[in-house]
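Taking it in order: structure first as structure tokens, then the write-up.
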Amino acid sequence: MATIEVTSSARPASKPSFIKAVWAVVQKDLAAELRSRELLSAMLVFSLLVILIFNFALELDIKTRQSVTAGVLWATFAFAGTLGLNRSMAIEKDRGCLDGLLLAPVDRSAIYFGKVFSNLAFMMIVEVIVLPVYSVLYNTNLFLPGLLMVILLGSVGYTAVGTLLSAMSVQTRTRDMLLPILLFPVVLPVLIAAVKASNGYLTGTDMSEIMPWLNLLIVYDVVFIALAFMTFEFVVEE
Amino acid sequence: MIQVRKLVKRFGLKTVLRGLDFDVQPGEFVALLGPNGAGKTTFLRILASLSRPSLGDVSVAGHRLPQEAAAVRARLGVVSHLPLLYGDLTAEENLRFYGRMYNLSELETRITEVLEMVGLETRRRDLVRTFSRGMQQRLAIGRAVLHNPEVVLFDEPYTGLDQDASVMLDDVLRSVAAKGRTVVMTSHDLARAEDLATRFDVLSRGAIAASTTRRGLKNTNLLAFYKQALAN
Amino acid sequence: MQKKPAALITLDILAVVLLGIATYLALVYAPTEAVMGQVQRVFYFHVANAWVALLGFVAAGVAGVVYLVTKDRRWDIIEVAAVEISLVFFLIAIILGSIWARPIWNTWWTWDPRLTTAAVTELIYIAYFMLREGIEDPERRARFGAVYTLIGSASAPITFFAIRLFRTIHPVVIGSGDPGAEGTFAMTSKMLVAFLFALFAFSVIFIDLFWNRIRMGWLNDKVEQLKLKVAR
């Protein structure tokens, strides 16, 4: 077996730039997921099943459908989201990869943002598939730019907090089960605002009524991204 | 290369390491021995910058921990008993990811070099989850030395390996240790440790109970030395 | 065995006495409200309890931040005490609120901002304890507890505003009355006395329970320490 020869022009290891590190993590997650597609297919199938259950649980006749569409969509995303968050962190924890990430000379916040972007990407892929399915099943047009923006803002807040909390829950004894319990009470403002704003766009309400909800979403997103990335190192480092 | 003074590590109210002193010169290959629960893994994790000391001074490759952790990490490689590899990525994709995280230049050349060194060049496009434990461990070592670290830490690297895989690992370990690298390895396998290491330290009840070099073992064997150290 | 400090014993007695006086004031001294009748008397303790719970909530948030900064275990003990007390007092406030709501609005529950936020905060607290339960290492338990307290403290106020916004834009009529009215009534001077005294009494009760609980946590720590010493 050859011994290691270092080529003379190679520079020694150093800290990669923040963007580079974040992008490396995102690429890694996307590449792995594209290959196995386990996470995405689980989230997708679960979402469709939840919508199916809602169909019978709520008797979505034409009249009531309009008022509950926003709620059904966000409940679906909230539940399916936990699957993705759990799985994304479990992959890091199980083979000790979290240590692998921590051993690299990168900022802990870069690891955080990398995971957030990956989780966000997965969540949005699922949302992008669920929307047309729902549209077809219930003959409602969900492709409104306003609605898509709300889904983005809401998903950002959800994954920002969810990534932090999943990093915690994966290190406890109860693991997967704990994440929804930790996440849902804390992410409630996102769900409230997202449902109200979505509903506003779907029913064509005046912008002045939707604005406060969008503001709330933005405030939540900003506050919690800041809190989460500041406290992430306390969660992963001993 | 490694200097530890009066290292104390507490977990809540339990003290695992008590005033540990440890000095390693560049190029030494230290086998860290000790019973389960003595604190070997805890100690290694602190050296690896994965855990913070409660008290005491730790310095690795010329940089203090935990203050200069990033600088230490760039010069340090770690092999634990967990593979630290992504099963859904190929061998080269794994190395590429870590190469990026260490900001390495000429990454592709480096990846090929390392794969050749650990004998996995032919399997570079295979998914890691198809690898046997022995192959994963070899790739893990490849990952650990990808950035050409000055110090390499091994935590029970032979765990779960069969005879053939262990022999392969011996070779890889020797080539890692060549070229003046500093190595600290914890192991339960005294025979292997005796074969590979130049120095033997025994960690017992949170401190170094005894230390000797290969020369010091001339008139005895490692097992006797080990038992003696624990009896004290 | 450490004796209870005299000051704390005095506080215990004072708390009980004040509770007694407050009860008298609420049930006997204050006049019966014209519209709502006797059930209105619940109001004095309902608000006082909510006030105490809020104190605990803020104390927990502050303790969490201080712990993360100082890593001093005492702040973790303070944080747990604050969360426990807040949990219990919010529960009492919610129950008293229900007792009040039933005859007035013919419903046990109104989805008004304060009540709902209190309930959500209770769920955050329960999640907090479940989180701590699932962690063995005391240092990690304290760290995670503090982080979650921080997240929860930031989230609950936002939840409150969200629900309030919910109500102003879409006022929902529940039961036979508009909950926005909150059962408002004009307070006579005697009522004011009962109300303010209840607030004062419960503040003292809060300090008393808080001190006792912190002391209990601290003694518990000592016991664990002694256990470890004996086990060796």
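The values are calculated or read from the model by the stated rules, or taken from the named source; none is laboratory data. This structure is a prediction, so every number in the text was calculated from the model and none was measured. Heads up, the Cβs are rebuilt from the backbone with ideal geometry, glycines too, and the neighbour counts pull from every protein chain shown.
Values as computed for the structure displayed
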quantity: Top-ranked residue in the range C:120-138 [being within 14 Å of chain B (Cβ to nearest Cβ) and not in a helix (DSSP H, G or I); ranked as modelled with the highest pLDDT]; calculated: C:ILE135
quantity: Residue that is surrounded by the fewest Cβ atoms within 10 Å (Cβ to Cβ), among those in the range B:73-129 that are outside any helix (DSSP H, G or I) and small (Gly, Ala, Ser); calculated: B:SER105
quantity: Single unsatisfied condition, C:ASN106 versus (1) buried (at least 21 other Cβ atoms within 10 Å of the Cβ); (2) on the phi > 0 side of the Ramachandran plot; (3) not β-branched (Val, Ile, Thr); calculated: (1)
quantity: Tally of residues being more than 20 Å from the chain's Cα centre (by Cα) and under 25 Å from A:LYS115 (Cα atoms) across the range A:178-235; calculated: 1
quantity: Residue pairs meeting the criteria (Cβ under 7 Å; at least 6 apart or on separate chains; first closer than 19 Å to B:MET117 by Cβ, in the range B:79-96; second among the aromatic types (Phe, Trp, Tyr) and outside any loop (DSSP other than H, G, I, E, B)); calculated: B:VAL79/B:PHE154
quantity: Which listed residue, of B:ALA31, B:ALA61, B:ALA48, B:ALA91, is within 15 Å of the chain's Cα centre (by Cα) and either aromatic (Phe, Trp, Tyr) or within 23 Å of A:LYS28 (Cβ to Cβ) (or both); calculated: B:ALA48
quantity: Top-ranked residue of the range B:153-195 - restricted to ones that are touching a residue at least 12 places away in the same chain (Cβ under 8 Å), among the basic types (Lys, Arg) and within 11 Å of chain A (Cβ to nearest Cβ), ranked as surrounded by the most Cβ atoms within 10 Å (Cβ to Cβ); calculated: B:ARG181
quantity: First in the range B:6-21 and in a strand (DSSP E or B), second anywhere and of a type in the set (Ser, Thr, Tyr), Cβ under 6 Å, 6 or more apart; calculated: B:VAL8/B:SER54; B:LYS9/B:THR42; B:LYS9/B:SER54; B:ARG10/B:SER54; B:VAL16/B:THR42
quantity: Count of residues meeting criterion [surrounded by fewer than 24 Cβ atoms within 10 Å (Cβ to Cβ), more than 8 Å from chain A (Cβ to nearest Cβ) and within 16 Å of B:THR109 (Cα to Cα)] in the range B:138-152; calculated: 0
quantity: Criterion violated by B:ASN36 - all others in (1) assigned to a loop (DSSP other than H, G, I, E, B); (2) within 9 Å of another protein chain (Cβ to nearest Cβ); (3) at pLDDT below 90 satisfied; calculated: (2)
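Yes or no, residue by residue, for (1) at the interface with another protein chain (Cβ under 8 Å from one of its Cβ atoms); (2) touching a strand residue (DSSP E or B) at 6+ places or on another chain (Cβ under 8 Å); (3) among the aromatic types (Phe, Trp, Tyr):
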| position | (1), (2), (3) |
| --- | --- |
| B:ALA74 | yes, no, no |
| B:TYR86 | yes, no, yes |
| B:LEU89 | yes, yes, no |
| B:GLU93 | yes, no, no |
| B:TYR102 | yes, no, yes |
| B:ARG110 | yes, no, no |
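For (1) closer than 21 Å to A:LYS93 by Cα; (2) buried (at least 24 other Cβ atoms within 10 Å of the Cβ); (3) within 7 Å of chain C (Cβ to nearest Cβ), each residue gets a yes or a no:
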{"site": "A:VAL156", "(1), (2), (3)": "no, no, no"}
{"site": "A:VAL161", "(1), (2), (3)": "yes, yes, yes"}
{"site": "A:ALA167", "(1), (2), (3)": "yes, yes, no"}
{"site": "A:THR174", "(1), (2), (3)": "yes, no, yes"}
{"site": "A:LEU202", "(1), (2), (3)": "no, no, no"}
{"site": "A:TYR220", "(1), (2), (3)": "no, yes, yes"}
{"site": "A:ALA226", "(1), (2), (3)": "no, no, no"}
